[in-house]
Amino acid sequence: MTREGYVNLQEELKSLKGVERPAIIKAIASARELGDLSENAEYHAARERQSMIEGRIATLEEKISLAEIIDPSSLNGDRVQFGARVLLEDCESETRQNYRIVGEIESDVSKGLLSIQSPMAKALIGKNVGEVVQVVTPQGGHEYEILNVAFEE
């Protein structure tokens, strides 16, 4: 994963442990004071939220402990690889798209962060500037020309 993705995971974990967890503990304590727990909707909702928070904390701790951070700025060249920012042109519509190939957990296509596991990234990896790649997605096949590859943190 990229350094940015790693930092984002650490920040989310810190927020869950330092803000969300204490808040839900207070909510559970307040709900308990309302009386009969078997019919207390606030108590059950708070316990469910607590379960989701604890699950997310466990997931983040595992991902952080297993993370391998790759610094894209230490890479260079015209070949697409993990961490690269890739400028593509759709050969049919001539529209341009800019993506960064990142780890699965940090991907967000709406922000131009493309998972290394996505069909698009799999088609791009190992290709060079100037090459045309065929990408098959659930929406059908498209051809893209690689216009630029850049590496920066």
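Observations
- Summed over region 8-58, residues that are aliphatic (A, V, I, L, M), assigned to a helix (DSSP H, G or I) and either over 25 Å from I105 (Cα atoms) or assigned by TED's automatic domain parsing to the domain that holds G103 (or both) total 11.
- Any hit, region 69-86, residues being within 19 Å of V149 (Cβ to Cβ), in contact (Cβ under 8 Å) with a residue 24 or more places away in the chain, assigned by TED's automatic domain parsing to the domain that holds E143 and touching a Pro at 6+ places or on another chain (Cβ under 6 Å): yes
- Neighbours by Cβ (under 7 Å, 6+ apart or cross-chain): first from region 34-48, closer than 20 Å to P22 by Cα and surrounded by 13 or more Cβ atoms within 10 Å (Cβ to Cβ); second of a type in the set (A, V, I, L, M) and modelled with pLDDT of 80 or more: E42/A31; Y43/I28; Y43/A31; A46/I24; A46/A27; A46/I28; A46/A31; R47/I28
- Within region 15-33, the set of residues being charged (D, E, K, R) and surrounded by 13 or more Cβ atoms within 10 Å (Cβ to Cβ) comprises K17, E20, R21, R32.
The values are calculated or read from the model by the stated rules, or taken from the named source; none is laboratory data. All of these numbers come straight from a predicted model, not from anything done at the bench. Because the Cβ atoms are built from the backbone with ideal geometry, glycine has one as well, and the counts that use them run over all protein chains shown.
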